[in-house]
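These notes concern the structure reproduced below.
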Amino acid sequence: MRYIFNKYIPNSGAAFPWATFLANALGCLLIGILLSYFLKNGNNSEDGRLLAVVGFCGGFTTMSSFSAESLQLIRAGNIQLFLIYLMATLFVCFAFTYVGLALGK
């Protein structure tokens, strides 16, 4: 999935890193939905929860790409875009996780 995002969504260091931003936002929405499902259905296995939430969603979302792209923006002197990327990622990812939890109820 990340390969497809990076292949088809522009993600250059000089522009807003859309591929990573969208992957992280979608992954957070999915994490919220999955966590809600596993909380609601307590009889599910710990292995299943770990595989879905930590394995798939954790592999799909990425802090390392976010950090590297943030540093690229800073090194390019694009501090304003870095701050927008930082705040948008934090706000949208938390909001999408919350929405995912609400959708799963």
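The values are calculated or read from the model by the stated rules, or taken from the named source; none is laboratory data. As the structure is a computational prediction, the values presented were derived from the model and not from experiment. Backbone-built Cβ (ideal geometry, glycine too); neighbour counts: all protein chains shown.
The figures follow:
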item: Counted residues, the stretch 46-105 - those being over 19 Å from Ala19 (Cα atoms) and of a type in the set (Ser, Thr, Tyr); result: 1
item: Enumeration of residues in the stretch 56-94 that are exposed (fewer than 13 other Cβ atoms within 10 Å of the Cβ), without any contact (Cβ under 8 Å) to a residue 40 or more places away in the chain and under 17 Å from Ala25 (Cα atoms); result: Met63, Ser64, Ser67, Met87, Leu90, Phe91
item: Some residue of the stretch 3-22 being assigned to a helix (DSSP H, G or I), touching a residue at least 40 places away in the same chain (Cβ under 8 Å) and small (Gly, Ala, Ser); result: no
item: Residue selected from the stretch 1-18 under the condition out of contact with any helix residue (DSSP H, G or I) (no Cβ under 7 Å at 6 or more places or on another chain) and under 18 Å from Thr89 (Cβ atoms), by the criterion modelled with the highest pLDDT; result: Trp18
item: Matching entry among Leu71, Leu83 (being outside any loop (DSSP other than H, G, I, E, B), more than 21 Å from Asn6 (Cα to Cα), of a type in the set (A, V, I, L, M, F, W, C) and modelled with pLDDT of 80 or more); result: Leu83
item: Failed condition for Lys40, given (1) surrounded by fewer than 17 Cβ atoms within 10 Å (Cβ to Cβ); (2) touching a helix residue (DSSP H, G or I) at 6+ places or on another chain (Cβ under 9 Å); (3) of a type outside the set (A, V, I, L, M, F, W, C); result: (2)
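Here's the yes/no breakdown for (1) over 19 Å from Phe96 (Cα atoms); (2) in contact with a helix residue (DSSP H, G or I) (Cβ under 9 Å, 6 or more places away or on another chain):
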{"site": "Thr20", "(1), (2)": "no, yes"}
{"site": "Ala23", "(1), (2)": "no, yes"}
{"site": "Leu26", "(1), (2)": "no, yes"}
{"site": "Ile31", "(1), (2)": "no, yes"}
{"site": "Gly48", "(1), (2)": "yes, yes"}
{"site": "Ser70", "(1), (2)": "yes, yes"}
{"site": "Arg75", "(1), (2)": "yes, no"}
